[in-house]
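Q: Have a look at this one before I ask anything.
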Amino acid sequence: MTVTLAAGQIHHLQTGLQAKTSMAELASLKSTFSSTVNGRAEEVEGISRDILDHAETGYRETRTANLVADWFRENGLQVRTGIAKTGVIGLLDTGKPGPHISVMGELDSLIVPAHEHADSETGAAHACGHHAQLGSMLAAATGLLGPNVRRGLVGKISFMAVPAEEYIELEYRESLRESGEIEFFGGKQEFIKLGFFSDIDIAMLTHTGGEAYGTFGVGGSNNGMIGKNVQYTGKAAHAGGSPHLGINALNAANIGLSAIHAQRETFRDSDTVRVHPIITQ
């Protein structure tokens, strides 16, 4: 499991705890937190497995979003739904001044029809482990909502279930953009645009990985992605009598692919450029 933090103004944070919390009190809170999480592990794991068995792709995660929102409500969080179409936020407000921390989980899946838990109709499958991400987010919430821990907290914690992390189904997302439902193809970008990260001091999420032991990262960056659609329009002509009057769109597309492939050897490793052209129709 990998934990990634995107942090700002870290110097003034008290990790969401009261400033005068002693090391002994911190150890006690940690023990109480762990006991609470372990005590509700079966519940959280059940939700995670439910999400695994009902995968939904980006900006379509209505069932998953409703499941998370219902859990937030049942556990006393202030809930806001329909953010960036399917996103959900559950707010824990201590009523005391302090940092605003975000704990995130991603709602969407990939499309992998051969996956063991793939949806039989859509092929949607949590091959990237977002069901486990959401489970981690809910597990963190269970521990922080425990009364013995909660009363030692300050500031706010926003549990954010964000949509559309995977960059797939671009035609569908383009239709959402054209209808005005979204501006960006990615859910986090929509959250940023809508202002939900404007007062966040530190944001964190987990991600599954193949390593035996987890890693912990602060800051840093990963590649972003942008999709470009190119349409080649041909012109019909008689292949035997007047081929010179025609335009072969497939030939033009092949030339375009070859030109992009020729560019690959010019990319510097330090720029981490990745280009993956495909023909979709």
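Q: Taking the condition of being in contact (Cβ under 8 Å) with a residue 24 or more places away in the chain, loosely packed, with under 10 Cβ neighbours inside 10 Å and more than 18 Å from MET225 (Cβ to Cβ), how many residues in the stretch 240-281 meet it?
A: So the answer is 0.
Q: Here is a list: ALA203, ALA164, ALA124. Which entry is among the small types (Gly, Ala, Ser), closer than 30 Å to SER31 by Cβ and crowded, with 19+ Cβ neighbours inside 10 Å?
A: After applying the criteria, what remains is ALA203.
Q: Please go through the stretch 87-114 and give me each residue that is in contact with a strand residue (DSSP E or B) (Cβ under 8 Å, 6 or more places away or on another chain), over 27 Å from ASP53 (Cβ atoms), in a loop (DSSP other than H, G, I, E, B) and not basic (Lys, Arg), ordered by number.
A: Result: THR94, GLY98, PRO99.
Q: Any idea how many residues of the stretch 34-62 are within 16 Å of the chain's Cα centre (by Cα) and not acidic (Asp, Glu)?
A: Of the residues in that region, 9 qualify.
Q: Sticking with this structure for a sec: Of all residues in the stretch 167-176 being part of a loop (DSSP other than H, G, I, E, B) and not hydroxyl-bearing (Ser, Thr, Tyr), which is surrounded by the most Cβ atoms within 10 Å (Cβ to Cβ)?
A: Within the stretch 167-176, the match that is surrounded by the most Cβ atoms within 10 Å (Cβ to Cβ) is GLU169.
Q: Could you tell me whether the stretch 150-159 includes any residue that is part of a loop (DSSP other than H, G, I, E, B), modelled with pLDDT of 95 or more and touching a Lys or Arg at 6+ places or on another chain (Cβ under 8 Å)?
A: Yes, the stretch 150-159 contains at least one residue that is part of a loop (DSSP other than H, G, I, E, B), modelled with pLDDT of 95 or more and touching a Lys or Arg at 6+ places or on another chain (Cβ under 8 Å).
Q: Next up: Considering only residues of the stretch 177-226 that are outside any loop (DSSP other than H, G, I, E, B) and of a type in the set (Ser, Thr, Tyr), which is modelled with the lowest pLDDT?
A: THR215
Q: A further question follows. Just to be sure, is HIS117 under 15 Å from ASP50 (Cβ atoms), surrounded by 23 or more Cβ atoms within 10 Å (Cβ to Cβ) and in contact (Cβ under 8 Å) with a residue 24 or more places away in the chain?
A: no
The values are calculated or read from the model by the stated rules, or taken from the named source; none is laboratory data. Just so you know, these numbers come straight off a predicted model, no measurement behind them. Please note: Cβ atoms are built from the backbone with ideal geometry, for glycine as well, and neighbour counts cover all protein chains shown.
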